[in-house]
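What follows is one structure encoded as structure tokens, with my remarks underneath.
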């Protein structure tokens, strides 16, 4: 279309900007402002990690010390969150329990992503290995993940390490499948073909061209695995097949509180709130990371 | 079309065989000697040896896998180590509450999630959309048993609208049956609603940006017509897919929900079997649930052409 000025028509002066133009903020504060839920989640996670690390210095007593005379008390100045059926201080147990949940979440996320990424990249890059590996992954994925974790824990002695392994096994196929898809689409791209045709070794192509492009989806996936691992750990502990009862974990505290649920709901509710807030925080950080790292997906999901 | 359907059905067989192999290995490598358990405390070494031979435990891994698989194909899943009842019988006795819970959850979750996805996609970026998606993140983050206890405290303990625990068979009336399952189904379905509405919203938003939607808007089609006739029809495939995938979530959740509400179903059977290390029961249940899950997703794949005639098998 010809601009009106060239047609000899009068043109109004451009209107002044209504909004003052402000350059986008850079650095940490800029990032935080652009994604408020993710920053709230990150702050919550930092606080919770602090609670877990400094649990012994936050006015706690021995989380295993029982006092039969002070059973199932409601919250008071003495016991901020009350006591459980054996008279153990719930405040101390919940704070120490943060250690188990956070550790299990992070450990499963790291373990499952590392192994799953290696398997997925192998399947995506090595053609003959693709089909057998992916059929095995399909088979593992066909077993509902909580059920698989339950069965694996039932086989072994309950320990935090075994719980982590059992949950990780169920998550590995999801990472592998994601990574295989990313690698398959990447290796058709021109720059990867160029690298291969100019004689780069497979190892170099993977390391220089494939790996850097998989980092964003892997990190996003890792946060979701972390969140789901915390829920699975609590669920396993809750039905009595998870973290050993001698270790205070949020799932164990809730399992102990089940019997008194109708009369003393706070025993279950307090660790439940901590668990839900932690998982929510991890999910908010995950959503924020996805928005920041993968703008195409951010628009929709 | 038929050729592809047959190929899709056949392609699940190796995966099923692999699942069966994995599940069998679980029991094979389980600690403890079943022969010792079956023979009892006062058995002599000879008797234990005899039990071992009778149970076929002296055979090699592959022979045992073969005979176990043969039995499974005939519907025999072994015998419980605790109650001495065949696992298949235990499952049959307890299938009704689980099927009822799953069916009810599926129905309410899908009828709630699809409208939520539609509203959220139509009002993308508004407060309503953010509210629905916020609820979604919340639904993912609260563990099922936490939600279950909160619901039972408010609606069963305090308000006494629903029973705290227990299951009423459908044969004793639909009303009491629904009443006994309302809270469990709500607790189990919430994360499922979050999952379906989130994926459904994503699919719908992508479709609402297509040219033919703009054409429909331009010619003045009513929002109802655009959403239902143009958008939802085309978003049906991803929505149906996620409904199928989410069944895995429901199965895992049923174990927990049935424990909280004391429903005598397969989930409860699983939880009890784990606490008592009743390996044949664990094995049977894991196998049953995995096969169910696979068959559901197979069925989902096969009904795609119903929703999208462009997909031909």
Hey, can you tell me all the residues within region A:186-204 that are in contact with a helix residue (DSSP H, G or I) (Cβ under 9 Å, 6 or more places away or on another chain), within 18 Å of residue A:129 (Cα to Cα) and either assigned to a helix (DSSP H, G or I) or without any contact (Cβ under 8 Å) to a residue 24 or more places away in the chain (or both)? A:186, A:202
The lone exception for residue A:219 - which of (1) more than 13 Å from chain B (Cβ to nearest Cβ); (2) not in a helix (DSSP H, G or I) it fails: (2)
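Yes or no, residue by residue, for (1) assigned by TED's automatic domain parsing to the domain that holds residue B:257; (2) within 26 Å of the chain's Cα centre (by Cα); (3) modelled with pLDDT of 90 or more:
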{"position": "B:48", "(1), (2), (3)": "no, no, no"}
{"position": "B:53", "(1), (2), (3)": "no, no, no"}
{"position": "B:63", "(1), (2), (3)": "no, no, no"}
{"position": "B:103", "(1), (2), (3)": "yes, yes, yes"}
{"position": "B:109", "(1), (2), (3)": "yes, yes, yes"}
{"position": "B:134", "(1), (2), (3)": "yes, yes, no"}
{"position": "B:137", "(1), (2), (3)": "yes, yes, no"}
{"position": "B:141", "(1), (2), (3)": "yes, yes, no"}
{"position": "B:147", "(1), (2), (3)": "yes, yes, no"}
Does region B:250-296 hold any residues that are at the interface with another protein chain (Cβ under 8 Å from one of its Cβ atoms) and either touching a strand residue (DSSP E or B) at 6+ places or on another chain (Cβ under 7 Å) or modelled with pLDDT under 85 (or both), and which are they? B:274, B:275, B:277, B:279
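Within the group A:257, A:251, A:242, which residue is part of a helix (DSSP H, G or I), in contact with a helix residue (DSSP H, G or I) (Cβ under 6 Å, 6 or more places away or on another chain) and modelled with pLDDT under 85? Before the answer, list the steps.
Numbers: A:251 fails: modelled with pLDDT under 85; A:242 fails: part of a helix (DSSP H, G or I).
Just one listed residue meets the conditions, A:257.
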Give the residue that is nearest to residue A:226 (Cα to Cα), with candidates limited to residues of region A:147-172 that are at the interface with chain B (Cβ under 10 Å from one of its Cβ atoms) and more than 22 Å from the chain's Cα centre (by Cα). A:151
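Matching residues to (1) under 12 Å from residue A:248 (Cβ atoms); (2) in contact (Cβ under 8 Å) with a residue 24 or more places away in the chain; (3) assigned to a helix (DSSP H, G or I):
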residue: A:92; (1), (2), (3): yes, yes, yes
residue: A:96; (1), (2), (3): yes, yes, yes
residue: A:117; (1), (2), (3): no, yes, yes
residue: A:121; (1), (2), (3): no, yes, yes
residue: A:128; (1), (2), (3): no, no, yes
Please go through region B:137-153 and pick out each residue that is facing another protein chain (nearest Cβ under 10 Å) and in a helix (DSSP H, G or I). B:137, B:138, B:140, B:141, B:144, B:145, B:146, B:147, B:149, B:150, B:152, B:153
Can you go through A:275, A:269, A:289 and tell me which one is touching a helix residue (DSSP H, G or I) at 6+ places or on another chain (Cβ under 6 Å) and within 12 Å of another protein chain (Cβ to nearest Cβ)? A:275
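Does residue B:196 meet the test of being under 25 Å from residue B:142 (Cβ atoms) and modelled with pLDDT of 90 or more?
Numbers: under 25 Å from residue B:142 (Cβ atoms): yes; modelled with pLDDT of 90 or more: yes.
Yes; evaluated as a whole, the condition is true for this residue.
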Test for residue B:83: is it within 29 Å of residue B:288 (Cβ to Cβ) and not assigned by TED's automatic domain parsing to the domain that holds residue B:253: yes
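Just for region A:135-146: of the residues that are buried (at least 20 other Cβ atoms within 10 Å of the Cβ) and assigned to a helix (DSSP H, G or I), which one is farthest from the other protein chains (Cβ to nearest Cβ)?
Filtering region A:135-146 for residues buried (at least 20 other Cβ atoms within 10 Å of the Cβ) gives A:137, A:139-146.
Still in the running and assigned to a helix (DSSP H, G or I): A:137, A:139-142, A:145-146.
Working: A:137: 10, A:139: 4, A:140: 7, A:141: 8, A:142: 5, A:145: 6, A:146: 3 Å.
Applying the filter and picking the extreme gives A:137.
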Every residue in region B:128-176 that is out of contact with any helix residue (DSSP H, G or I) (no Cβ under 8 Å at 6 or more places or on another chain) and over 30 Å from residue A:228 (Cα atoms), please. B:158, B:159, B:160, B:171, B:172, B:173, B:174, B:175, B:176
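Only residues that are part of a helix (DSSP H, G or I) and either facing another protein chain (nearest Cβ under 10 Å) or buried (at least 23 other Cβ atoms within 10 Å of the Cβ) (or both): list them for region B:118-129, please. Give the steps one after another, and end with the answer.
Just the residues of region B:118-129 that are part of a helix (DSSP H, G or I), to begin with: B:118-122, B:127-129.
Matches in region B:118-129: B:120, B:121.
The values are calculated or read from the model by the stated rules, or taken from the named source; none is laboratory data. In this text, all values refer to a predicted model and were calculated from it rather than measured experimentally. No Cβ is skipped: glycine too gets one built from the backbone with ideal geometry, and neighbour counts run over all protein chains shown.
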